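Notes follow the structure.
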Amino acid sequence: MENTLKKKVKLNRFQILILYFLLFACIGWIMETLYAIYNLGHFVKRGFLYGPICPIYGYGALILIMFFYRYKNHNFKLFIYAAVIFSVFEYSVSYILDAMHWWDYTNEFFNLNGRISIFYSFAWGIIAILFINHIYPFFKKHVNIILSKIPYAMQIILLYTFLLLFIVDTIAS
């Protein structure tokens, strides 16, 4: 009976995926913002939401975690699959967001309708290798350490509070 009392309750797989979505969507917003500051010399609001989050980075991270982690030790396959899948993903998102025209690769070499380009397809493959082999394992380790120090009830409250804020921001935007 003593063992069952000491067993810590943990977030389930779905909750962990929500956490990673929010984490990497926020990191994506930070990267986009820093990139814009570097290029333009001043702050520019990035993304379509009011808050500091770019959902496409969260969705991209989830795709990598859920479908590509199995290729961790197979960089060539990971590169090819990610380059193709993320190019299709980027093209689809570009088509859906066409009215807002968030990016345009018309002037890029070997582009398809200005929605995707060979350079970014290549970049998605490299990013997938870096993400699966280095970035995700780093964050997974540190997220687990942080979660182990936070009571389960507080984890749930924080997770669903941030998720609710994201949903409200999405609706408001």
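Miscellaneous remarks
- Scanning region 35-58 for any residue that is part of a helix (DSSP H, G or I), out of contact with any strand residue (DSSP E or B) (no Cβ under 8 Å at 6 or more places or on another chain) and at pLDDT 95 or above turns up at least one such residue.
- For region 59-81, a tally of residues being part of a loop (DSSP other than H, G, I, E, B) and surrounded by fewer than 12 Cβ atoms within 10 Å (Cβ to Cβ) returns 1.
- Scanning region 145-173 for residues being in a loop (DSSP other than H, G, I, E, B), open to solvent by less than 80 Å² (accessible area, probe 1.4 Å) and not aliphatic (A, V, I, L, M) gives a total of 1.
- Close pairs from region 113-133: first surrounded by 20 or more Cβ atoms within 10 Å (Cβ to Cβ), partner of a type in the set (Asp, Glu), Cβ under 6 Å, at least 6 apart: Ile116/Glu90; Ser117/Glu108
- Test for His142: is it part of a helix (DSSP H, G or I), open to solvent by 90 Å² or more (accessible area, probe 1.4 Å) and either at pLDDT 85 or above or in contact with a helix residue (DSSP H, G or I) (Cβ under 8 Å, 6 or more places away or on another chain) (or both): no
- Residues in region 95-110 that are surrounded by 10 or more Cβ atoms within 10 Å (Cβ to Cβ) and modelled with pLDDT of 75 or more: 3 in all.
- Flag for Ile116 being at pLDDT below 95, β-branched (Val, Ile, Thr) and in contact with a helix residue (DSSP H, G or I) (Cβ under 7 Å, 6 or more places away or on another chain): yes
- In the set (1) farther than 27 Å from Leu49 by Cα; (2) touching a residue at least 60 places away in the same chain (Cβ under 8 Å); (3) of a type in the set (S, T, N, Q), Asn75 fails one condition alone, (2).
The values are calculated or read from the model by the stated rules, or taken from the named source; none is laboratory data. Everything numeric in this text was worked out from a predicted model, so none of it was measured. Using ideal geometry, Cβ is built from the backbone for each residue, glycine included, and neighbour counts are taken over all protein chains shown. All accessible areas refer to the heavy atoms of the entire protein, side chains included, with ligands and DNA or RNA removed. Shrake-Rupley method; radii C 1.70, N 1.55, O 1.52, S 1.80 Å.
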